Amino acid sequence: MTLLTQSDYPIGATAQPSEPDANHEAQSIVENNLELEAQPIRWPVVVSTVLLHVAPLLALNPAWFSWNAIGVAVFLYWITIGLGISMGFHRMAAHRSFTVPKPIEYFLVMCGTLAGQGSVLGWVGYHRMHHLYTDESKDPHDSNRGFWWSHLSWFMHDVPDEAERLRLTKDIANDRFYQFCHKYHTPLQVALGLVLYAWGGMPFVVWGIFVRLIVGFHSTFCVNSICHMFGYRSHNTKDTSTNNWWVALLTFGEGWHNNHHAVQSSARFGWNWWELDMVWMTISLLEKLGLATKVKTKRS
Ligand SMILES: [Zn+2]
Ligand SMILES: [Zn+2]
């Protein structure tokens, strides 16, 4: 186990955020506005996001309700958000806070791919940009632009510095499994839907795909919006990050976001006894079983 004692920066990062001051901040916001106004809207993303919000309404049909379907949705939510996004995409792929054997690594990447939050290469790249330029103009979901921007509007537009995202993902971009998940994340979701339909009919599809996707979508993106606006701060980081208990519950521990910004490579986000961090508990269990190594954390 590697102990970290200060903030560190993601793989691929070569520069650290500069000290903010009033002039710099004002200039940053103006530049950001100009850049974003010039950025084309990603219409396929807009359309798919609208569909993502309309499709769960099918759950209002009582004929498509069943407790088994709820169980499938909850199980898949844990698999895709807990193991996939929070543990796989975020703490493993984006921050390299622990290492697991390749079959487990690829399983976690596949789980995250099925969360319906785009490809692993995009997710990791944008997240590393967020840490490198937090709350500055090159932060893709700069919280200074308001709640809705940081929550979901940001990915409706092309990110201004796509070259930077590519630069920050060189360590995973050539992995053939990552490339496969990057290329086929939508067909893989459709395949999961077909499996669920064959298994339990429309109730499994409505709850296991549509309802599960929309809850995971907003839970994860609350980390970018809520956790840069509401909650408490344990660390005086040079950003607006906060710890928020209910986002942490929804995301299996990701809501302890101020702790995370303070020591970004730590696999453990919950540092106080009340800061429940189920992803950390899972990583810790894998470490005890000898399956997770090079686990980085901060002594609480
Ligand atoms: Zn992070
Ligand atoms: Zn953040």
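All of the numbers you see were taken from the coordinates with simple rules; none came from a lab. Just so you know, these numbers come straight off a predicted model, no measurement behind them. Virtual Cβ from ideal backbone geometry, glycine too; neighbours counted across all protein chains shown.
Structural remarks
- The chain - Debye-derived log10 I(q)/I(0), Cα point model, q = 0.08 Å⁻¹: -0.34
- Calculated FRET efficiency, LYS238 to VAL195, Cβ-Cβ distance, R0 = 51 Å: about 0.65 to the nearest 0.05.
- Once the Kirkwood radius over Cα pairs is known for the range 117-246, the Stokes-Einstein relation at 37 °C and 0.692 mPa s delivers a diffusion coefficient of 199 µm²/s.
- Listed residues ASN61, SER137, THR237: farthest to the positive end of the dipole of the chain (Cβ charges): ASN61
- Among THR113, THR134, THR49, the residue with the largest mean-square fluctuation in a Gaussian network model of the chain, with springs joining Cα atoms closer than 10 Å, is THR49.
- GNM top mover of ILE172, ILE226, ILE85 - the chain, alpha-carbon springs below 10 Å: ILE172
- Mean separation of Cα contacts under 8 Å, 6 or more apart, over the residue count of the chain: relative contact order %: 28
- Gain on full stretching of the segment that runs from TRP273 to ALA163 - 0.36 nm per residue minus C-alpha separation: 35.5 nm
- Residue of GLY84, GLY112, GLY71 that the Gaussian network model of the chain assigns the largest fluctuation, springs spanning Cα pairs under 10 Å: GLY71
- Taking a point 7 Å from the Cα of THR293 along the Cα-to-Cβ direction, the residues of the range 81-114 with backbone N closer than 11 Å to it are 99-102.
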